[in-house]
Amino acid sequence: VTAVIMLCLSAAFPLFCSAETYEELTGYRDYLNSREETYPDEEILIYSDSLDESSLGCEIREYCGRTAVVTTDESNAVFSFTVETPGFYSMAISYCGVENKKSDMLRSISVNGSIPYDEASNIAFTRIYTNETDELTVDSQGNQVRPKQVEVFEWQTAEVRGSSGYFEEPLRFWLDAGENTVAFTALAEPMAIYEVRFFKWTETISYGEYKRNSESLGTEGETLRIQGEDAKYKSSYSMAPLSVTGSADMDPVSLTETRYNAIGGSNWSSSGETVTWEFEIDEPGDYQIVLRVLQGGSSGSVSSRDILIDGQTLFSELNGYAFKYSHDWHNVTLGTGEETFIIPFETGRHTITMRVSLGGLAPILEGLENEVEELNEIYRQLLVIMGTDPDVYRDYQFELYIPEVIEELKARSEAVRTLGEELQEYLGTKTGDTQFL
């Protein structure tokens, strides 16, 4: 028995990022490796009464039914709190958008007065948008009118994750025993903060463990059909329904009038962007989930999505779920390829959320960025010898003056070649990117 969702997926991930930044910050992995692996069970909750007097551009007041810290787009919200057990903690924020521009709310996060690592320098908090009307209107020519996207001002809780998409887990922050501070410095857009929570993040269980832990309802429920264009919530203003005309078996479809029948495409390609569908279960039972998708970015490409049920990742196989390239719409039944995922749903309202992620590309892209940084360092050492305008007729005798740099260049060559092989193995085919590497 299946719940069917009609979606349009797109891959639009760059293979290379600039290695130059305006400020030299510690890399996230170096930061984690610089301290003892200690992950306390302690949970720390921080509210508006912990706002430090050093804060700027902040106001404590009632907002959307809660007493919150409302910040401007030029604010610095500093919270003071006490920690009993030192160690690494993950962070989650309960926040709400404040009406302004239709863009993400960006913050840098400092702990005890400094940004701990590069990933914390630019954290995006997304807004919530929905269709202005549930039913699509039709103009005098019989064409459906694209619904306007309006912002929903509701509280949402989000784990703090890196904008690069390289790390599957929420970011970790080291907290010392005793008094600590955490500060949110505005880079763009105002926002309201209700709660900051530090907690211990644990690895998501596998599907095998999920099957052992979850109780099968032992019955087949109803068949639900959920249209992709009927998504309840989106994280981007631009993620409005699409009208797909290139396939005759779309639903709804018309040869003469405009019909909106999908969602996604190039508007749903940035890491962290989400789409959420709501549905009602009348008959409890065990369900499969089938997605009707088109991932037609480029031949050999892969798009990945984290799939959350009722706001939770039920098992690890739903993180970075890969959708391979196809030239036409087709059905994908969620599973491992060897078995289909069976999910029990009780009676009531439920949600399915899909979030853009790098999936299996993440470690490859992170490795490539690291190699670019290493190559930039080698380049700077070469400049010391040859200058910015080298003479093509001169032998600079690199092997004599900087032999260790030449050896390092060979090592970097081998590392990039290995990453190219890993990329080809992940994609399952040779592409222009794998050949370039």
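Counting residues in the range 281-290 that are closer than 30 Å to Phe125 by Cα and part of a strand (DSSP E or B) gives one or more. Starting from the range 222-233, take each residue that is aromatic (Phe, Trp, Tyr) and list its partners that are open to solvent by 20 Å² or more (accessible area, probe 1.4 Å) and not in a strand (DSSP E or B), counting only C-beta distances under 8 angstrom and pairs at least six apart or across chains. Filtered contacts from the range 222-233: Tyr233/Ile128; Tyr233/Val152. Among the residues of the range 224-256, those identified as at pLDDT 90 or above, open to solvent by 40 Å² or more (accessible area, probe 1.4 Å) and not in a strand (DSSP E or B) are Asp230, Lys232, Tyr237, Ser238, Ser243.
Would you call Thr82 among the β-branched types (Val, Ile, Thr), open to solvent by 40 Å² or more (accessible area, probe 1.4 Å) and in contact with an Asp or Glu (Cβ under 8 Å, 6 or more places away or on another chain)? So Thr82 passes the test. For the range 116-148, the set of residues classified as of a type in the set (A, V, I, L, M, F, W, C) and either modelled with pLDDT of 95 or more or within 27 Å of Met191 (Cβ to Cβ) (or both) consists of Ala120, Ile123, Ala124, Phe125, Ile128, listed by residue number.
Restricting Gly359, Gly337 to those that are in contact (Cβ under 8 Å) with a residue 12 or more places away in the chain and on the phi > 0 side of the Ramachandran plot reduces the list to Gly359.
The single residue among Glu99, Glu59 that is under 22 Å from Val150 (Cα atoms), open to solvent by 50 Å² or more (accessible area, probe 1.4 Å), free of Cβ contacts under 8 Å to residues at least 60 places away in the same chain and acidic (Asp, Glu) turns out to be Glu99.
Filtered by the rule that a residue be surrounded by 18 or more Cβ atoms within 10 Å (Cβ to Cβ), within 20 Å of Lys234 (Cα to Cα) and hydroxyl-bearing (Ser, Thr, Tyr), the range 274-323 gives Thr274, Thr276, Ser303, Ser304, Tyr321. Which of the residues spanning the range 394-410 are assigned to a helix (DSSP H, G or I), open to solvent by 100 Å² or more (accessible area, probe 1.4 Å) and of a type in the set (Asp, Glu)? If the condition is that a residue be assigned to a helix (DSSP H, G or I), open to solvent by 100 Å² or more (accessible area, probe 1.4 Å) and of a type in the set (Asp, Glu), then Glu399, Glu404, Glu407 are the ones that fit.
The values are calculated or read from the model by the stated rules, or taken from the named source; none is laboratory data. Just so we're clear, the structure is a prediction, and the values are computed from it rather than from any experiment. Ideal geometry is used to build each Cβ from the backbone, glycine not excepted, and the neighbour counts take in all protein chains shown. Heads up: the accessible areas ignore ligands, DNA and RNA and are worked out on the full protein's heavy atoms, side chains in. Shrake-Rupley method; radii C 1.70, N 1.55, O 1.52, S 1.80 Å.
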